[in-house]
1. Would you confirm, using the coordinates I've provided, whether R32 is among the charged types (D, E, K, R) and assigned to a loop (DSSP other than H, G, I, E, B)?
2. Filtering the stretch 46-62 down to residues that are part of a strand (DSSP E or B) and of a type in the set (A, V, I, L, M), which residue is farthest from G104 (Cα to Cα)?
3. Any idea how many residues of the stretch 75-102 are closer than 25 Å to P40 by Cα and aliphatic (A, V, I, L, M)?
Amino acid sequence: MSDDHQPAASGAGAPADRPAPLSATELPTLRRPAGPPRKPTDNRPAGVVAGWITRGGAGPCYGLMDENGTEYAVYGPNAGELRKGDFVSLRLTARDRSVDCGPGIPMRVAES
């Protein structure tokens, strides 16, 4: 009497509880760069600053710390609610110091 309920023998000696590997080749690894990139890799348009809101609220004054650690005192009467800790990208233009928005380089949110 034959036993039809026995599992078929697996080839290549793979354990029955593990699937066979999908590929026998190693995954490629990235080499360490020879130096810093020659061109910027973030390619933001001129005047656009990306960073974190450090002083938020309904405005019109906000604090912004960019990705390089530069602090801006931003005036944006139509910017709306910006919460502390939000990561934003804003198009900024220079402004005079007639409005005091706190510490940092005085800038204004450009109107689109």
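1. On the way: among the charged types (D, E, K, R): yes; assigned to a loop (DSSP other than H, G, I, E, B): yes.
Yes: the conditions hold for R32.
2. Within the stretch 46-62, the first condition is being part of a strand (DSSP E or B), and the residues that meet it are 48-55, 57, 61-62.
Of the ones still in play, those that are also of a type in the set (A, V, I, L, M) are 48-50, 53.
Numbers: V48: 17, V49: 14, A50: 15, I53: 12 Å.
Selected residue: V48.
3. So the count comes out to 4.
Residue-by-condition table, conditions (1) polar (S, T, N, Q); (2) without any contact (Cβ under 8 Å) to a residue 12 or more places away in the chain; (3) crowded, with 16+ Cβ neighbours inside 10 Å:
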| position | (1), (2), (3) |
| --- | --- |
| G35 | no, yes, no |
| I53 | no, no, yes |
| A73 | no, no, yes |
| T93 | yes, no, no |
| E111 | no, no, no |
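Since every read-out is calculated from the coordinates, none of them should be taken as a lab result. The shown structure was predicted, so the numbers you read here are calculated from the model rather than taken from an experiment. Every residue, glycine as well, gets a Cβ built from its backbone with ideal geometry; the counts of neighbours run over all protein chains shown.
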